[in-house]
1. More than 12 Å from chain A (Cβ to nearest Cβ) and under 30 Å from residue B:262 (Cα atoms), is that true of residue B:109?
2. Across region A:56-73, which residue is farthest from the other protein chains (Cβ to nearest Cβ) among those that are out of contact with any Leu (no Cβ under 8 Å at 6 or more places or on another chain) and under 12 Å from residue A:9 (Cβ atoms)?
3. Only one of B:237, B:246, B:241 is in contact with a Leu (Cβ under 7 Å, 6 or more places away or on another chain), aliphatic (A, V, I, L, M) and at pLDDT 95 or above. Can you tell me which?
4. Condition first: out of contact with any Gly (no Cβ under 8 Å at 6 or more places or on another chain) and within 14 Å of chain A (Cβ to nearest Cβ). Can you find one or more residues in region B:261-280 that meet it?
5. With respect to residue B:69, is the statement that it is closer than 23 Å to residue A:66 by Cβ, touching an Asp or Glu at 6+ places or on another chain (Cβ under 9 Å) and more than 9 Å from chain A (Cβ to nearest Cβ) true?
6. Tell me the residue from B:58, B:120, B:106, B:128 that is touching a Leu at 6+ places or on another chain (Cβ under 7 Å) and in contact (Cβ under 8 Å) with a residue 60 or more places away in the chain, please.
7. For region A:165-176, give me the residue count where each residue is more than 21 Å from the chain's Cα centre (by Cα), among the small types (Gly, Ala, Ser) and at pLDDT 90 or above.
8. Among the numbered conditions (1) crowded, with 19+ Cβ neighbours inside 10 Å; (2) at pLDDT 95 or above, tell me where residue B:277 comes up short.
Amino acid sequence: MRILAIDTALGACAACIIDNGLGEPIAHESLIMDRGHAEALVPLLDRVAARVEGGFTSLDRVAVTVGPGSYTGMRVGIAAARAIGLACRIPVVGVTTLSALLAALVADDNRRLLAAAIDARHGQVYFQVIAPSGQTVVAPTLLKVRDAVRLLGAGPAALIGSGAAAVAAEAAGIDLAVHDTRPAPDIVWVARLGSVADPAHALPKPLYLRGPDARPQDQARLPRR
Amino acid sequence: MRVLGLETTCDETAAAVVRLSEDGHGEILANEVLSQIAEHAAYGGVVPEIAARAHVEALDHLIDRALAQARLTLDDLDGIAAAAGPGLIGGVIVGLTTAKTLALVARKPLLAVNHLEGHALTARLTDAIGFPYLLLLVSGGHTQLIAVKGVGDYVRLGTTIDDAIGEAFDKVAKLLGLPYPGGPEVERAAEGGDPDRFALPRPMLGRPDANFSLAGLKTALRLEAERIAPLTDADVADLCASFQAAVVDVVVDRTRVGLRLFREAAGHPTAVVVAGGVAANQTMRRALQRLAAEAGLRLLAPPLPLCGDNGAIIAWAGIERLRLGLVDDMTVPARARWPLDAGRDEAGEKA
């Protein structure tokens, strides 16, 4: 199976193409950026697809990060992924940024709790914890940094993600290993997770973890008789 | 020539396919529109983040439906058009990214259309009129008088210096406790009301420029309403009728001045065209009809489904641009603000 993976949800604009699940990418490009994903992504997809024989028509599946992350960023990736799915009539699967970050830890560490923390600003992190076996300990959630630390108990734990340093700084006396504080997941892991995901369940829908921040207003209304 | 058009600049998610026949006539093969009114109703107005969230969930399904309705595949198309602004940027990015990606994968020309240009050229789709003509664009986000001289050749003659007309209707509806969206509700309530009961101002009336102002009128209506609150149904009907009458007077006066400025800027118009969601208001249409007749001109108002936001007007603008070779590349940006005649100063924030 040939899969194209796309990630624009965090601090990178990235895509890669992998054959047969666990291999190395046959085309790959990742640009670190905080903003500008909307302008950068489609030309980047053009370059990545041009490097494989058959281009887009050779794809069997698309995987895309669905967040949590930048709302606008993830919608850019999801819109593009769904458009490719429509144009090529192939399945599109969603992969969370947290699980893509954790996948890199699972491959490396098998005796600690594994935690992914993404900086969500205002002293908060998007947070997920799994056991070395892969079992979920804390499902994806939005937390204050100190509440995230509390959920780690006594550890030991390995941390990854842009919020890892903030969590480690708050945790005193816990055995924490900050594995990586990179601004975005490794796109190769997005592809690998996407190739084993079930298209019926891993839908390419945004995972916001936060409401749209709007309040109903009717205080302006005049009384009626 | 067949073009797919995508529209996501405000609270309608839309996809349409339009065909240009050999005799130069436009034909709408599919026009799928999903309104988000229910999602925004509780807030009394469009919430940008809610709109963006809805667009990304719906757009690909609408495109699929539009293509099926038109009995076409992407390969059969000659171009992919999307409204690239002006509008709520989160939604615009969804539509434009989708169009760019489809264009890339299907190897079709991309047409990044100005949403206002979609409205400006609609009368050529429906009535095949020639240039130049006077356009009155009235919606929830826009209130402009434009000399349409050619594709890509627009002179803005007037705009609002504060609220858009549709926005003023919505705010009045909210004040009076009418449901959202307020324009049709105010019009309905006004039917049984007395338009002369409240002496509301007609802002800008008689001014030599063709600009609009709605804020003072809206405030005057609020003061009158507060003075007599609590309101009976008859009070609401009279307030709505008085407000609508004032707006229509202003629109007619501003359009008359617009016609005078038009002649200086572009010569003799082929027609007066009214477009945008507020063009659905029947009292306004009748008043504009009289004005046009006075000036010896035709009034053209697109059928109601083409007055509001939809993909067909974007697809048609795409056809107009494609046949002139005005194609865009993959790096074209989404724009929150994008005046039709980019060279001129901005008179108002909401323009």
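The values are calculated or read from the model by the stated rules, or taken from the named source; none is laboratory data. The shown structure was predicted, so the numbers you read here are calculated from the model rather than taken from an experiment. Glycine also receives a Cβ, built like all others from the backbone with ideal geometry; neighbour counts cover every protein chain displayed.
1. no
2. This residue is A:64.
3. B:246
4. no
5. For residue B:69, the condition - closer than 23 Å to residue A:66 by Cβ, touching an Asp or Glu at 6+ places or on another chain (Cβ under 9 Å) and more than 9 Å from chain A (Cβ to nearest Cβ) - is not met.
6. Exactly one of B:58, B:120, B:106, B:128 is touching a Leu at 6+ places or on another chain (Cβ under 7 Å) and in contact (Cβ under 8 Å) with a residue 60 or more places away in the chain, namely B:120.
7. Result for region A:165-176: 1.
8. Among (1) crowded, with 19+ Cβ neighbours inside 10 Å; (2) at pLDDT 95 or above, the lone unmet condition for residue B:277 is (2).
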